Structure formats: C-alpha cells, structure tokens
Amino acid sequence: MAQLLIVYHSRTGGSRQMAEAAADAAREEAETVLKPADQAGPEDLLRADGFLFCAPENLAAISGVMKDFFDRCYYPVLGRIEGRPYAQMVCAGSDGENATRQIARIATGWRLKEVQPPLIICTHAQSPAEILAEKHILADQLEQCREIGAAMAAGLSLRVF
Ligand SMILES: Cc1cc2nc3c(=O)[nH]c(=O)nc-3n(C[C@H](O)[C@H](O)[C@H](O)COP(=O)(O)O)c2cc1C
C-alpha cells in the first residue's frame, strides 16, 4: 500500500491544524504517516512514497525546527528518493513566499517531483501579541488542506504521479 508522509512544524498551532486536516483526508485514500519535524528522520522519508511538508514562515524562512529536519535528512537520503512526488503548505502571517521557495529548492536538490502548487495560508497576525497567540485556521482554509492531502494520497494509491 502506498504511503504518504506528512512532516510539519508549528509554533502557534496553525501549521499543525493544516497538517492534521490534510492527514485526515489523506487517510481515506492511502496509508498516511503524520510526524512533527523534530520526530521525523531519514528513515521516514525512505519508507514513504510521497511527501507533504507543512511549516510556518518565520523571519522570511521556514521555521528553524523544520529547517533542522531538512538539514538532518538532506544528505542521508540524497539520491535515494529521486522522482517521488511532493507538495507543501505554509502558514504565514502575511507573506510565506520565501518559505515556499526554500522548500522548493530543497525538493529540487532531492529531485522530488512537485505535484501540486504550494498552498500558503495567511493568518494576518500583525502585532507581537497576535503573532504569539494560538492560531485558528478557518474551515474553508482547512478544506483547502484536506483537498491537498486527499489529492496526494489518491494520486499515490492510483500511482498516477
Ligand atoms: C519569530 C517569527 C517570525 C515570523 N516571521 C514571519 C515572516 O517572515 N513572514 C510572515 O508572513 N509571517 C511571519 N510570522 C508569522 C507566522 O508565520 C504566523 O503567525 C503563522 O500563523 C505561524 O504558524 P504556526 O501557527 O504554525 O506557528 C512570524 C512569526 C514568528 C513567531
């Protein structure tokens, strides 16, 4: 059975809710493993047939914990996951573009195949208090995450990628 690996990091809950929504929908279509970035490693990547990465943008980059996941895994799996499909979701205050570019560059290095455009969800947090507060992703935004998860999982189980 095809396996989808969803790796995420979240500081204030937004990315976690997005990753969980995608995982809930994906589980209806394929075996789905949902892992926080600090608990995921090279063996998880090697075991999976496709990937969904989900992280916040922090200081115009993917969050440090998500970056650490890529740093730890990059060379151990280089050349061993080429051609596998991936998609990404970013939770941002108002931008998110740099984080998606960063993940895309890493994925290009691994020779992964992007099968869906990046999804950026903006929470519109502006002040320090808003930025540090727990996030609540809206139902229609979670639906977009569900669609990505379901499409990734369906594509994997039908082997269309
Ligand atoms: C230290 C820090 C830096 C941030 N930098 C950015 C940024 O560069 N661009 C942006 O759009 N949002 C930025 N944000 C806002 C977060 O991306 C936003 O709050 C998002 O919802 C966090 O996702 P999370 O709830 O999964 O942690 C920053 C937040 C923090 C805490």
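A short reminder: the numbers here are calculations on the coordinates, not readings from a lab. Bear in mind the structure is a predicted one, so any value in this text is a computation, not a measurement. No Cβ is skipped: glycine too gets one built from the backbone with ideal geometry, and neighbour counts run over all protein chains shown.
Here the chain is scanned for trypsin sites (Lys or Arg not before Pro) in DSSP loops (not H, G, I, E, B) that have at most 12 other Cβ atoms within 10 Å, and the longest stretch holding none of them is 1-79.
Semi-axis lengths, largest first, of the ellipsoid equivalent to region 16-75 are 20, 16, 8 Å, with √(5λ) applied to each eigenvalue of the Cα gyration tensor. Per the Debye formula with a single identical scatterer at each Cα and no solvent contribution, what log10 I(q)/I(0) holds for region 87-128 at q = 0.14, 0.19 Å⁻¹? Reported log10 I(q)/I(0), two decimals: -0.35, -0.57.
An oblate overall shape is assigned to region 76-154, the ratio a/c of its alpha-carbon gyration tensor axes (a ≥ b ≥ c) being 1.5 or greater and a/b not exceeding b/c. Can you list the residues, at least 5 places off or on another chain, whose amide H is less than 5 Å from the amide H of residue 33, using H built in the peptide plane? Under 5 Å from the amide H of residue 33: 4, 5, 6. For the chain, the fraction of C-alpha pairs more than 24 angstrom apart is 26%. Loop sites by DSSP among the GluC sites (Glu not before Pro) of the chain, restricted to those with at most 11 other Cβ atoms within 10 angstrom, leave 1-81 as the longest stretch without any of them.
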